[in-house]
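Here, each number is a calculation from the coordinates, and none is a lab measurement. Because the structure is a prediction, the values reported are computed rather than measured. We place every Cβ from the backbone using ideal geometry, glycine too, and count neighbours over all the protein chains shown.
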Amino acid sequence: MKKYILLLFCSFFALCAAAQESTASFNVLKLPSMPHSAALGGKNVTLIEDAPSVGWQNPALYANTSDLSLELNFMNYVSSSTWMGAAFTKALGERHTLAVMAQYMNYGSMQETDEMGQVLGEFSPKDIIIGGGYSYLLSDRWSGGANAKFLFSNLGDYSAIAMAFDLGLNYYDEEKDLSISAALLNLGTQIKAYDNGLRTHLPCDLTLGFSMGAAHLPIRWHVTLSDMTRWKSRYFALPGEEEKEISFGKMALNHVALGLDVMPADPIRLSIGYNFRRGNELKAAGSGSWAGLTAGAGLNIKKFKFDVAYARYHKAANSIMVSAGYQF
């Protein structure tokens, strides 16, 4: 079983490697699915956590969630934009886990004008993502999974539709508190284009991750490597640097997000992270030196879970993401 999953994974890897980010659409898929991953730099594919939203970033991780678990997420984005989601998991026996999830981005109200600049009214752009997921426990330490997602985007009189798929693998050694993962995210394309008929692919992303706890300290550190199929300078060019070659060291750092969890007591978790690419981009746009820094906290009380995270995705505003979970 593991052999066939690895062959499938490698086949989709080739498709992801051929994608060109300059024509990607539905970039809302890059936003974090839950506060804990947001607090660890914005993306994490190795979280061993009893929270349904972990599977949105690596479907293999559904295997670690409890039966009948529900999670709700909300984040303020830029200006009046809001990002919210819900995820639910159902275990089928000891090895199978099913999930359903939905996410919604509301961009607020905007003025609609004609070609002369005259105001015709207002409209509210939005993106909607609805999906289902499945994970299978391959052995005591290996799990694999997949997501299928339906995407709808509306911009006034124009709309677009797309389908996307995720594949994920995870290795988890509970004794060593070691988690290693690989995930191919957002494999797909538009089914219906906005207006001119040009269909573009989605922001395909090969992400690798490594998480490990310390033997005698209540900490866990995380390293996440994203966009691993993209190694051309133009992809990481900053404003005003489009014609410049970026050094290999700087390009490599732009793939990295680092995170640290501190657990001072059983029900409490504190998290901090740094996303190098986001920090470089926001600094170039005029933000301060702490632009790539993220932070958060979590609290478990019996069947309830609460999380909060801070991050900056745009120089104009800070974002706070919160979530609440319950195990039925």
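Data table
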quantity: Helix 2-17 axis, angle to the chain major axis (alpha carbon atoms, nearest 10°); calculated: 20
quantity: Global size of region 75-215 as Cα Rg and Dmax, reported in angstrom; calculated: 19.8, 67
quantity: log10 of Debye I(q)/I(0), alpha-carbon scatterers only, for region 222-328 at 0.17, 0.21 Å⁻¹; calculated: -0.87, -1.11
quantity: Spin-label model distance (nm) - ALA193 vs TYR326, 7 Å beyond Cα toward Cβ; calculated: 4.6
quantity: Given charges at beta-carbon only (K, R positive; D, E negative), |dipole| of region 135-238 in Debye; calculated: 400
quantity: Longest to shortest principal axis, alpha-carbon extents of region 50-156, angstrom; calculated: 64, 20, 18
quantity: Net charge of Cβ neighbours under 11 Å - reference SER179; Lys, Arg +1; Asp, Glu -1; calculated: -1
quantity: Sorted peptide list for 206-212, 142-148, criterion being average Cβ within 10 angstrom, highest first; calculated: 142-148, 206-212
quantity: Mean Cβ count within 10 Å, highest first, over the residues of peptides 219-232, 36-49; calculated: 36-49, 219-232
quantity: TYR235/LYS303 FRET efficiency (R0 35 Å; Cβ-Cβ; nearest 0.05); calculated: 0.20
quantity: Cα-based Rg of the chain normalised by 2.2 N^0.38 Å, two decimals; calculated: 0.99
quantity: Pair LEU98, ALA265: separation of 7 Å Cα→Cβ label points (nm); calculated: 4.0
quantity: Fully extended contour minus Cα-Cα distance, from PHE152 to LYS315, at 0.36 nm per residue; calculated: 56.0 nm
